[in-house]
Structures are given as C-alpha cells and as structure tokens.
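This report concerns only the one structure given below.
The values are calculated or read from the model by the stated rules, or taken from the named source; none is laboratory data. The structure displayed is predicted, hence computed values, not measured ones. Here Cβ is always computed from backbone atoms with ideal geometry, including for glycine, and neighbour counts include all displayed protein chains. SASA here: full protein model, heavy atoms, side chains in, ligands and nucleic acids out. Shrake-Rupley method; radii C 1.70, N 1.55, O 1.52, S 1.80 Å.
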Amino acid sequence: RSMNAFLIVYLCILISKALINTVLKYVWQSEPFRDEPWYNQKTEPERKRNLFLQALTDFLAFMVLFNYIIPVSMYVTVEMQKFLGSYFLTWDEEMFDEDTGEGPLVNTSDLNEELGQIEYVFTDKTGTLTENNMEFVECCIEGHVYVPHVICNGQILHDCTGIDMIDSSPGGSGKEREDLFFRALCLCHTVQVKDDDSVDGLRKNQLSKPCIYISSSPDEVALVEGIQRLGYTYLRLKDNFMEILNRENNIEKFELLEVLSFDSVRRRMSVIVKSSGGDIFLFCKGADSSIFPRVKEGKIDQIRSRVERNAVEGLRTLCVAYKKLTAEEYSCAQKLLQNAKLALQDREKKLAEVYEKIERDFILLGATAVEDRLQEKAADTIESLQKAGIKVWVLTGDKMETAAATCYACKLFRRNTQLLELTTKKIEEQSLHDVLFDLSKTVLRHSGSLTRDTFSGLSTDMQDYGLIIDGAALSLIMKPRQDGSSANYRELFLEICRNCSAVLCCRMAPLQKAQIVKLIKLSKEHPITLAIGDGANDVSMILEAHVGIGIIGKEGRQAARNSDYAIPKFKHLKKMLLVHGHFYYVRISELVQYFFYKNVCFIFPQFLYQFFCGFSQQTLYDTAYLTLYNISFTSLPILLYGLMEQHVSADTLKREPSLYRDVAKNALLRWRAFIYWTFLGVFDAVVFFFGAYFLFDNTVVTSNGQMFGNWTFGTVVFTVLVFTVTLKLALDTHYWTWINHFMIWGSLVFYIVFSLLWGGIIWPFLNYQRMYYVFMQMLSSGPAWLGIILLITVSLLPDVLKKVLCRQLWPTATERIQNASRHCREHISEFTPLACLKSPRYRSSDCSHSPARRSNSHSKKMMFTHWRGIDYSVLPSVFGYSNKQGRSRAGYRYSGSGLETSV
Amino acid sequence: MAVNYSAKEEADGHPSGGVGVPGGGAVGGGSGGAVKTRKPDNTAFKQQRLPAWQPILTAGTVLPAFFIIGLIFIPIGIGIFVTSNNIREYEIDYTGTEPSSPCNKCLNVSWDSTPPCTCIINFTLEHSFESNVFMYYGLSNFYQNHRRYVKSRDDSQLNGDNSSLLNPSKECEPYRTNEDKPIAPCGAIANSMFNDTLELYRIDNDTKTPITLIKKGIAWWTDKNVKFRNPTGDGNNLTALFQGTTKPVNWPKPVYMLDTEPDNNGFINEDFIVWMRTAALPTFRKLYRLIERKNNLQPTLQAGKYSLHIGYNYPVHSFDGRKRMILSTISWMGGKNPFLGIAYITVGSICFFLGVVLLIIHHKYGNRNTSADIPN
C-alpha cells in the first residue's frame, strides 16, 4: 500500500528532475555559442522548430532518460515474488493436517505481506476455536446427573450401556420420567440414519448393524449417539415409524405425526409422535431460554441451575420437555398446522404463530450438555497472537456463558482479565448511554497510566480488560439515531474496544459479524483485519476483512472457498501469521525498498551527468546496460531474497511471538525507512559519479598514455553501480543458501561475462560500435580497478556503519534474538536461541513434548469429569494459575496440557 | 483448487503419496478409503529449511573488517600518492586570449586560412623528464559529450562498409552530405577534428633541434585494427576507394590525404581515431604524440629551454574554449592524479577511525546488551 505513495514521490522526483534539467538547459543555452557551437550544429528542421515545442520535446526526452527511477520491473518482481512465495505456504508440512488430509490453500497471493501486518483477528468460535465435534457429556433428568464416561479423544472406545449415577437412584416417578427423557431424545430430532458397512470401519459399533447418523446439526448427532451409549438406540425412520432399540433390546415403534422443525428464532424444535400404545406425545427440545417460559411443571430450578453451570463450563446445553396430547388436542393442533402450511400468504408467520400455540404447557424433563472440544493448541495460538500484539475478537452466535467459558479455556480471557459486559441485560438496567460511559471511564482511567511497554504480552500480570458484548447491544450501538449522534456511540465503543485486549461478541448474526469487522476496519487507524471462520455464516465476515481465512472444516467448504487463504485447523493460524506472514512482510518490504534504492543509484548519476554534457540528454551508460540493468543484472538476487530470506529462523519466530511487533504497523515501509533508503541511493549515486569524475577529470588513467572516452566513464560508473547494489543486497541477506550464493555471485559474473562479450566483437546488426573493447580497456587500467574498489567501499560504508551502530546501540527485539542465536550457536549448542534469551522453559522442542502432553490431557480430562460436581468456579482460576506459573517448568507442562483439555 | 495443487506436485517431479494418512478419523463424514494424500514433500527447499549460512553484521564482525580496510587502504593510498607526485607534467595554454600571448594574433582564426597562422611559444622545463614523454592537447569547454555530437557518426562507414560510405547514416545530419555528395567521414565529430599542428624544439645555445614526435601508437590498438577500416575495393589506392565522396566541410584536405604513410591514412589515421573517441567531460585531453626515450644515458627531455611551434587552425574562442599542450610522463597508474591517492588515504583513515569508535562502543555497550537479555 505504501508502495503507491512511494511511487508518487518518485514520480514527483522524476518530473522535478526533468523540469530542472529543462529549465537549466535553456538557461545554459541562452548563449548561442553554447546552444550551437560551430562544431556541433543543428539540422535545418531542428533550428526551425518552435521554441515551446522544443522545450516540450526536451522535457519529454528528460523524462525518458530518467524514467528508470520508476521501477516498472518492480511490479513484475513483486508479483512473481508473491506468486512463487505463496507456494511455500502450501508446501509447509507443519500446516498440513494429517487427519483430514488437507493442507493450506492459497486462493490469492496478493495478501501475503498483509499476513505480517495483522492487528485484529476476528474469529468464529464453533468450528474454528472448537472442533465442532460434539460429544454428549451428560444429561440431567429431574436434577439427577447421568454421565456416560466413555469418551476418549473424540472416539468411542467401548460401548457402555451402564449409567453413572451421581445422585441417588430415582424413585418410581423418576424412572418413568427417565424413560420419557431418553425416548424424547431418541425421537425429537431430524437425524437420518445411514446404513453402510463399507463407509467407516473406524466407527466401532458393537451393534450388529453399524450405522452412522447424519444431520444438519452436529449437536443432534452427538445427542443421539450419547443416548445410544445410555442404552437407547435410534434405529431408523421407516414408513413414518421411528424405531428405537431400548435398554432391554426390544424394538419400540413410534409413529411420527408432525415435525415442528427448528428455527433460529424459536431456538427449539418439536415432534409429535404416537406410541404403540396409542398415546400421543409432543417432545420438544431447545435452548433453555426458549423452553423454560413454556414449562408448567417439572424441577425447573434444579435443572436451571444445572444448565447454567454447564454453560459456564462452555458446554452447549439443550432442555428437553414433553407434553401429552389427547386425541382432540392433537387433531386440533393438526388442523392448525395444516392450515398454516397451506396458507398462501405469510406462511412463515402463520406457522410461527401455530407453533407458538402448540408448544406450551410443557412438562420439563431435563437438560443435556454437549461438549464442543477446543481445537488442539487453540489456546496456545491465541496466547501467541496476543503476545504478538494482535487483538483477538471472538464473534459467535452462541450464548454468552458458553462463549465466555470457551474464551477462558482458550486463554482469550485470563484470570486477571477484568471483564466488561455490554449486554442486553445490562442495558436493560441502565441506559446504553450510561453503560458506555461507565465502561469507557473504567478503561480509560487505566490506559492513561499504562505505558506502551506494559502492554507487551510478556508481562502477564498487568491489568487488561476483556469486553463482552452481545448482538442486541451491538445493534443498539450501531443503530443510526434520529438526532444523528450515533457516531458518538460508535466512537465511544471503538475507544473501549481499542483498550481491551480481548473482545467477545456473542449472539451475533452473520451480518453483524461483518458489521463489526467493518467498524474496526474503517476506524481511524485503519488497522489490518483478519477474519477466520469455517461456516457459511462466517462468509460475510471473511469477505469484509482485509484478509479472510477459511477453515477447511466440517461445515462445508463455503468459507474456504470464499476466503483468501484456507487452513485446516485454527492452530495453523499461528504459523501462518507469525512465521509466514512475518517472512512475507520482511521480504516484500526489503524488496520494494531495494528496488527504489537501486534505481535511484542507477539514475541519479545520469542526472548529475546532464550538468556536464550541456543538458543534452546524453546517456551515461550504454543502451544495453540501460536495458539490462533491471532485467538481468540486478533482478534475480532480489527476487531470490524475496523468496528465501529468513532474518531469524522460523522456529524462533514461532517461539517468540513478540517479534511480530517489530514489523507491526508497516514498520519497515514507513517514510523514515523510505527516506533512509532514498538518501542512501542518492549518496551512493553521488559517490559513483563524482568518484569517476575525479578519477577521469583531465588526466590519464592508462599506463600507455591513451585516453578513455565517455563510454568508458559510463562503464566505470555502471560497474561500481552493479557491484555496490548487489553487495548491498548481500549485506542485507541473513540467510545464505547455495541458491543465494549462486544468484548473487552469478549475477556479478554474468555482468562481467556480458560486458566482455558485448564489447568483444563488432556486432554486425548494430549501427554503432561504441562499446567495442571499452570494458576490456577499462580492466587493463590500474587506476580504474583501484577506483572501482574504492568507490564500492565508500558506498557501502555508511550502510554498514548504520546497521552496526543501530544494532549495538538501539537493537530491536529481532536483532537481539539474532545476536543471541548467534551467541548460542557459537557457545552452547544444545540450547535453542530462546533458551539463552529468556528462561529454560522452552528447552525441548514441541514435538518431544507432545506424547507426554497427550497422556497428560487424558488423565486431566477424566479428572475434570469428576470434578464437575464439586467446583465449577475453579476453572478460570486454574487457567489463570497456570498462566502465572508459566515461567516454571512444571507450570509450563500444566498449561501445555491445558491447551488440549476440553472444558 | 485441489486439482491445481496436486497437478502442481506431479509437475514438480515429486510424486506425492509417500505417507499414507489414516483417512477420516473421528469425523464420520464421507472421507472413507485411501484418499490420495496431498501432504507436501518434506524437502529442505519446500520447507524453507535449506542449510544456510546466517551472517549477522555486528560490531564484532565488522571491527576487524574496518581495521583491515584501513590497514590496506592507507599504504595503497600512500603508494599512489607518491607515484602520482613523481610524475612530471608540464602544461602550456596556447589559446592566446591574453594580448601578451604570442598566439593572440591567431585567436580569431578561421578554418580555411591559408597559410595557417603560426605562433611560437618558448618555455623552460625546470626538471628533466626521465622516461617516455606523452604529448597531449587539451581542450576546455568543448562539449564532445553533447548528445547531438556523440551520435553524429557512422560506425559502419568508419568500419569500411562500402554502402555506408556512399550512403551515410541519418545520424550524421547536418554533416551527412555536401553538394549532393556523401561526406566521408560523415558527422559532427569528424567534421570538427582537431587540426592544430604542434612541433617541439629544444633550444640549445640558440640552435633549435627538433624533437622526434612519434605519431603511431596513440590510438587504441583495437580501434586502429578492428573498429576503423578503410573501405575495401580493388587496389590500395585510397583516392580511388573514396571515389564519390567528399571531404568534411571544415577539413582542408580529404580523408585520404591525412597522412603520407598508407597505414596511417584514411579512416585509420590515428589522430582521427583519437579524435573520434568522444571525451566524457567538457574539459579533456587527447594524446597527440609520443616522445620515446632514445637511450638510457639521457633523459627524454632534459631540463632546459624548449619552443613549441603551433600551426594554429582550430578556433575555440567563439565558444570560450581553451587549448593546451601537455607534456607528461606516465607511471603504471597513468598520469598525474592526486585524487586517487588522497581518496585512498582518507577512506583508509576513516575506516580506521570508525574501527576505533566501534571498538569503544562495543566495549561500552556490548556487555550491557547481552547481560540484560539473559536473566538467569
């Protein structure tokens, strides 16, 4: 983006150069003996030309002469670098997911360097942070908790028909309710059964008929499978009869009468079935908020508290209720439904009304809890991103408690995070205005005293804020108001958000997600935003953000297809941003700056030469040099740099997320850097030109007394130029593979070979032979050699000096790491670079940890399962604890296991 | 996309499919069977893990380099400086702008004045010139590097191409044809060829002994033998070969009468070739004659009185130009050029100085940085 600004500057320089030269030319030519001395007369038509026209031609001629300052070849190189560079992303083995057999996809290569500039990450929760791999965890019937403890790593290891009863065994009526509950879960769904022997051998089903459940909602599948483990197996839907295999291995048949299908407004669904005994039941399941108001009896309080506890743990909860219908009631309901279904107008609305009428006066049976496990290393990834100075926002459609628990689990919120709530509930208590002002006061009071440094993720015990906002509150904020002061709320909201390290937006509609992204994108700092999601509901947000990333997940490929990049898992985002993004950015910024630099070096001597050749647009270099400079003498080394450079190793970047801050906010392409490069270019150009000038000025530089002409002069300048520019790149290269060596030294050799060849023969197809033997003659002259060496040294000196001084006196984090890793390589080989810098906690690599971690996570999981009944509030503090103790080795292990622990 | 990438891998010549991935896993979707894996190859290149040398410019590495550069450059600079100072050079401006100058009478000479205006300048060499002496003429304020001038030549004509001889390139305008005859050699450069004659006499007790001036070997060997060639045809009679062409407007004689010796006549006349190599800057000098050392006992030019006889034909006053005659000896590094020596000494000293400064900084700040970073 800044490239275009730089180009405009260069265009201005170009035009002003041409203007200066044109004006000077006419001033200089005002004396006729200069304009047309006797030895150099104009042709008749030239003489007759209109002065104005002549000036215009001269101006354009100067433009042509200096046009190389606008590096056209840069665009080609940048495009090639981006295109070829994106292959490294797809080739990355670490970003390949073994389970799904998917690697990252790059749908566009235009945004590679933006990956290194991300300031806001907007992530979906379900399927992105979590695996979207539902597991039935527990159910609560009449206040009794049932846990099938047979889940391990997402696979059913053994089928267990027993039930863990934590509470005392239920009484007679309880038994009846229990049966009803299980039947309700077995019946109230839209799951289809797929009988298939060949499809999935891994799903070990001990039933005679292995079957898979398919549904649009993974929750339903999880529920049906969970119930299966509790002894009730849903077999199939045949001829409108639902067949259930109950605990006594008897098949029960229910006639499916009506399905009141799920929608996101009602947030519930119902079925009406007729049992073999002739009883008609209406089973309903849905979100707690939509069920409880419709319940007339049942142990509401117990179940409600259970549901809330589960939600706090991040489980997705559903409540189940039923109602027995008499035949009359049913026929009445059926009639209503029939009418509504047949309505020609407002069918949706009428159906909703009918549903409203039918679904009431329930008897509450119980609640279920389904767990959506966090994705592997999600917490680690989020922590890294936050350390890298990226603000992570979670946008989800889930309810607040569930989402907040997930956020705790993935370390978006820490124990010491002060949560600010901006929810409908709070707005109901106070006015939106007051809430916003209160929040901003809290936030700003602190941020005033906070310096930039304390914001660094390395110090975990600083006060940070997490904001929770829900969809309704957001729409209130975003809603344009009559008095036109809506901008105020938005500004205030943005101000609060900016000071929060983490923001959770729950109960979001897909369009609201996009709205939030847009709000941040268009805020006054214009941060680069990234949206990541897996489902169709994230597409709008993915399209809205600067960089859209799709997870190749379970909810289809829609997100992946609409995204700029697609990755198999959320954890890959870490490497994508911290390693690839960082590399891409460093590479492209050097590439752009270097291109400007080398063209300034190239063209500025031409400009200076005009002062010595009567402003006659005489070129300093031969045409072949002019043409090939950008094409072959200096293009390949920088392209290769753009592909291969690793200023620090990928492992270090991954381990040390804070390095990302070094390149944040376009640090390497700011005006300061740009001016530095330009001045370096000008300095070098002045050195080249005046070095050669004083070398040649009215003196002899050969040992046989013969003289050199203007082309030798140009060749000396050009040789110094090519060598300096290439060696400058060599000095900047931190990663010398054999390819780099080959390209850098190769292009210098190519220049020499080409020059020898170009001057070596009389080229029959050329009408001038100006370069004939010029290069060889130059090489035969001692002072030319000495001069070339001297000038190269002088031009490289300031840059080397600047680099060394900056590194010594004001080292950036990156440079410190480089120094340290160098130190390490030299002295203690078994330590990783970071170990030298920080603490020994990362001593062994990730891979060696993982087996231990896995086993750890299993035991921990079991532990959590059993802890559940005891203490729930311990959870956030557990994570906070592990955070705080992160510096010790034991603590690291603990938090490491926490990454995979589901909540 | 999927098709693209797998196709790409095959095109790369790395057939994928080495590692079988257990399909499906817990997903339970339709991903059964042995799906052909798209796992990227674990090659060092693709994983960006090529073995690499990772140099970092630190004070530690740069310090020795600075000292070495300083230590190498300063002696070289001193060597060059001394060499340059040992070179004898004598320069006479004979433009004649000052009324006292003997050449003042010729100041407004025109091209075709016959007989040529001559003037004599006497001078004294304080020191003898020991080795071979090179005689140069120098012009100032003469823009040989003007674009219109530089391109005004036809290299194929000069290379002996017969068709170009009779039909010179358009670039030669307005010096392409004269009275409907093609000019040979065409173009502004050739037309404005320097045509002063310089003769050197040694004055010994009022007798003038002429000093032998050698006119061969002043042009590049390749120019004389390859780049410049006379037109080819029957016989060696240059007059016949240049038949159908006319002389450049300003020349008194046609090109085939530049010299009496056949191997220094026509396009291969060395004075002509020297002039045709356009100078880089408006003040320049060009090699005119060589004075060879006769024997080892005597210096080439003894200290003493000399006189320079000038056939003043070349007008420079109209464009404020100056004309000079330069006598110079030559070393391995050419003529007198104090710049290179001084520059080497300066750069060497700067490097040395910077080395010292860096050393101090390195010692003062180097330890602080490393200790601050290692807490344990």
Problem - GluC sites (Glu not before Pro) restricted to segment A:351-427 and DSSP loop, no more than 10 other C-beta within 10 Å - result: none
Practice task
With a 1.4 Å probe on protein heavy atoms only, tell me which residues of segment B:99-139 lose at least 10 Å² of accessible surface in the complex relative to the chain by itself.
Solution key: B:TRP111, B:PHE134, B:TYR136
Handout entry: For A:781-790, mean number of other protein chain Cβ atoms within 10 Å
Key = 5
Completion exercise
Sorted by chain and then number, the residues having a modelled amide H within less than 5 Å of the amide H of A:LEU257, at least 5 places away or on another chain, are A:ILE272, A:VAL273, A:LYS274
Completion exercise
Expected output for segment B:278-294, residues with a loss of 50 Å² or more in accessible area relative to the chain alone at probe 1.4 Å, reads B:ALA280, B:LEU281, B:ARG285
Handout entry: Projected label distance in nm at B:VAL357 and A:ILE15, using a 7 Å step from Cα toward the beta-carbon
Key = 3.9 nm
Problem - Anchor A:LYS48: aspartates and glutamates whose Cα lies under 16 Å away (excluding residues fewer than 8 positions away in-chain) - result: A:ASP35, A:GLU36, A:ASP58, B:GLU173
Practice task
Using a 1.4 Å probe over the heavy atoms of the protein chains, calculate the carbon and sulfur portion of the accessible area of segment A:619-696 as a whole percent.
Solution key: 70 percent
Practice task
Summarise the accessible area of segment B:90-330 (1.4 Å probe, protein heavy atoms) by the percent that is carbon and sulfur.
Solution key: 48 percent
Exercise for the section: Step through the residues of segment A:311-316 one at a time and calculate ³J(HN,Hα) from phi using the Karplus curve (6.51 cos²θ - 1.76 cosθ + 1.60, θ = phi - 60°), rounding each to whole Hz and writing x for Gly and Pro. Expected result: 4, 4, 7, x, 8, 8
Practice task
Between A:SER275 and A:ALA352, take the C-beta separation as r, use R0 = 22 Å, and let me know the FRET efficiency to the nearest 0.05.
Solution key: 0.20
Completion exercise
Computed over segment B:90-330, protein heavy atoms only, probe 1.4 angstrom, the accessible area per residue in square angstrom equals 42 Å²
Exercise for the section: Note down the magnitude of the dipole of segment A:1-70 about its Cα centre, charges +1 on Lys and Arg C-beta and -1 on Asp and Glu C-beta and zero elsewhere, to the nearest 20 debye. Expected result: 220 debye
Problem - Listed residue pairs exceeding 22 Å between alpha carbons, taken from B:LYS224/B:LYS286; A:LYS575/A:LYS803; A:LYS521/A:LYS569 - result: A:LYS575/A:LYS803; A:LYS521/A:LYS569
Practice task
Work out which helices of chain B, taken as complete DSSP H runs, extend at least 15 Å along their axis over the Cα atoms and score a mean Kyte-Doolittle of 0.5 or more, then list them.
Solution key: B:59-86, B:338-373
Problem - 3J(HN,Hα) from dihedral phi, segment B:94-105, Karplus parametrisation 6.51/-1.76/1.60, rounded to Hz, x for glycine, proline - result: 10, 4, x, 6, 6, x, 6, 5, x, 8, 4, 5
Handout entry: Full-extension gain in nm, A:ARG672 to A:PHE690, via 0.36 nm per residue minus C-alpha separation
Key = 3.8 nm
Handout entry: List of segment A:685-726 residues, accessible area with partners at least 30 Å² below that of the chain alone (1.4 Å probe)
Key = A:PHE694, A:LEU695, A:ASN698, A:THR699, A:VAL700, A:SER703, A:GLY705, A:GLN706, A:MET707, A:GLY709, A:ASN710
Handout entry: Accessible area buried between chains A and B, both sides summed, probe 1.4 Å, in Å² to nearest 100
Key = 10000 Å²
Problem - Table column - 3J(HN,Hα) (Hz), segment B:311-322, Karplus curve with 6.51, -1.76, 1.60, x for Gly and Pro - result: x, 7, 10, 9, x, 10, 5, 4, 10, 6, x, 10
Exercise for the section: Collect residues whose amide H, placed 1.01 Å from N in the peptide plane, falls under 5 Å from the amide H of A:LEU419; neighbours closer than 5 in sequence don't count. Expected result: A:GLY466
Handout entry: Potential lengthening between A:LYS441 and A:ALA509 on full extension [0.36 nm per residue; Cα-Cα distance subtracted]
Key = 21.6 nm
Exercise for the section: Would you pull out the residues with amide H under 5 Å of B:ASN178's amide H, same chain only if 5 or more places away, H placed 1.01 Å from N? Expected result: B:ILE183
Completion exercise
Rounded to the nearest Å, the spacing of the alpha-carbon centers of segment A:343-412 and segment A:696-760 is 66 Å
Handout entry: Around B:SER101: net Lys/Arg minus Asp/Glu count, Cβ-Cβ under 13 Å
Key = +2
Exercise for the section: Answer with one residue from A:LEU65, A:TYR26, A:GLN41: the one whose Cα lies farthest towards the positive end of the charge dipole of segment A:1-70, charges on Cβ with Lys, Arg +1 and Asp, Glu -1. Expected result: A:LEU65
Problem - Solvent accessible area, Å² - A:ARG247, 1.4 Å probe, full protein context - result: 80 Å²
Fill in the blank from the handout: If the chain between A:LEU51 and A:ASP239 were fully extended at 0.36 nm per residue, the gain over the current Cα-Cα distance would be 58.0 nm
Exercise for the section: Using the structure shown, select from A:LYS285/A:LYS350; B:LYS151/B:LYS227; A:LYS387/A:LYS802; B:LYS215/B:LYS294; A:LYS274/A:LYS335; A:LYS125/A:LYS571 the pairs with a Cα to Cα distance greater than 19 angstrom. Expected result: A:LYS285/A:LYS350; A:LYS387/A:LYS802
Practice task
Report, in deg cm²/dmol and to the nearest 500, the calculated mean residue ellipticity at 222 nm for chain B, where each DSSP H run with n ≥ 4 adds -39500 (n - 2.57) and the sum is divided by the residue count.
Solution key: -8500 deg cm²/dmol
Completion exercise
Between A:GLU248 and B:GLN47, the FRET efficiency computed from the C-beta separation at R0 = 45 Å comes out, to the nearest 0.05, as 0.20
Handout entry: Protein accessible area in segment A:1-70, 1.4 Å probe - carbon and sulfur %
Key = 70 percent
Exercise for the section: With a Förster radius of 35 Å, plug the Cβ-Cβ distance of B:ASN296 and B:LEU213 into 1/(1 + (r/R0)^6) and report the FRET value to the nearest 0.05. Expected result: 0.95
